[in-house]
Each structure stands twice: as structure tokens, then as C-alpha cells.
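The values are calculated or read from the model by the stated rules, or taken from the named source; none is laboratory data. Keep in mind that this is a model prediction, so the values were computed, not measured. Neighbour counts run over all protein chains shown; Cβ positions are idealised from the backbone, glycine included.
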Amino acid sequence: WPDWTEQEKTRVRLTMKGALQSRQLFGLTEADVSAFVDFLAREGQEAFFWRLNSFESHALRGNEFAIEGMKTDIAGMAISVEHIATALGATALQLDEKFKQLWRDPDILRLLKRNDVSALARKPSFLQNWPALKAEFDKLRAEPGGRIAAELAMAYRIRGGVHQMLPENDHLELESLFTGLMCAAVLTFVEVRNRTIPSLPLAGTTTASVP
């Protein structure tokens with residue numbers, strides 16, 4: 001019989017490779033991604049595997065019911081990211097505060113602590129104008145460290161709104177939100193891991209991409 005865990009680890013590796021490249025999030029190697037999926041399996045974070053499996057199943061159906069399933073998977077993946085942050089050692093209650101505990105890169109940490117970035121992630125009224133909110137995240141991505149900070153901020157924007165309907169119905173946009181959550185998780189894992197292996201570069205500081 002096929003090994004389910006190994007199959008799902010391969011699924012994550014392949015999805016992550018494409019997501020990191022398309023989002024221009026550099027500085028990670030194939031070994032980093034493999035270490036991340038091994039960490040998920042070792043630390044009992046298989047919900048990450050299940051959510052990706054479910055999301056891909058819904059995405060392939062291509063109807064209005066599948067769209068709602070994709071939204072549910074996005075909310076579930078945001079919760080999974082929060083659990084991963086806890087497994088990495090964060091003790092704060094909210095995901096945004098967990099990220100601030102785990103990240104040490106000065107450019108990214110500065111952005112995470114900035115009031116306007118916190119407002120993007122926390123202010124409930126911003127969900128009433130979703131296109132404008134997405135435009136503000138695009139502006140954030142243009143700043144030094146902004147690509148990674150935007151992934152983290154969007155992760156806790158989604159996590160904080162899991163009890164509200166996500167105001168997005170475009171299939172490709174939903175895929176982007178989902179893979180963004182995956183990227184937030186692996187980037188944070190590598191940031192924490194690199195602090196214990198000083199010879200490795202911080203994520204986002206080199207031009208190498210996942211091969």
C-alpha cells in the first residue's frame with residue numbers, strides 16, 4: 001500500500017516549489033522545504049497535509065460549491081499555520097504576535113510592528129472593501145522585506161476573520177491566498193531554523209530559489 005504521509009509530503013514539496021517561485025520568495029532551498037515537511041510529520045501537524053489535499057480536491061471541481069469548500073480550506077489552513085507557529089515555540093495568543101516572537105529579520109519585523117500593517121491585518125472594517133485591502137497588500141509587497149511581511153500579515157488577516165465569510169470568489173485569487181498561507185508557514189519555519197544554524201542565510205536575503 002502507498003505510504004500516505006510520504007505521498008502528502010511530496011504533494012506539499014511540489015506545491016511549495018511552484019508557490020515560492022511564482023511569488024518571487026527567494027532564499028529557500030529544496031532542503032529547506034524538505035525539512036519543513038519532515039517537521040510537519042514529526043510534530044503531528046498533519047492537518048497541513050489534509051488541508052492541501054482537500055483544497056486541491058475542491059479546486060478541481062470548478063463549481064460554486066467547490067468555491068465555498070476552497071474558502072473553508074483557506075480558513076482551516078490559517079488555523080494550521082497558527083498551530084505550526086506554536087510548535088515552533090511561539091507562546092503569544094494571536095498569530096500576529098506569534099510571528100513577532102518568531103521573526104528576527106529587522107526589515108520584516110519592522111513592518112510587522114508598523115501600525116498601518118497591523119491595521120491591514122486586524123481592522124474588521126477593511127473586509128468591507130476587499131479590493132482596496134488587496135491593493136494595500138500589493139503596496140506592502142513593494143517595500144524592503146515586504147513580500148514576506150505581506151504573506152505573514154495576510155495569514156493573520158485570514159486567521160482573525162475565520163468566523164466571517166471571505167469576500168473572494170475568484171478561483172485563482174483563492175488559490176493565491178491558500179498558497180500564501182503555505183508560504184507564510186515555511187518561511188517562518190526556515191527563519192526559526194536558521195537561528196539555530198547560523199551558517200545558513202536568512203530567508204529572503206539571497207537570490208537562490210527552490211530548484
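Only residues that are modelled with pLDDT under 90, assigned to a loop (DSSP other than H, G, I, E, B) and surrounded by fewer than 16 Cβ atoms within 10 Å (Cβ to Cβ) were counted across segment 1-58, and they come to 4. With the structure loaded, tell me whether residue 93 is modelled with pLDDT of 95 or more, farther than 20 Å from residue 179 by Cα and not polar (S, T, N, Q) or whether it fails that test. It is false that residue 93 is modelled with pLDDT of 95 or more, farther than 20 Å from residue 179 by Cα and not polar (S, T, N, Q).
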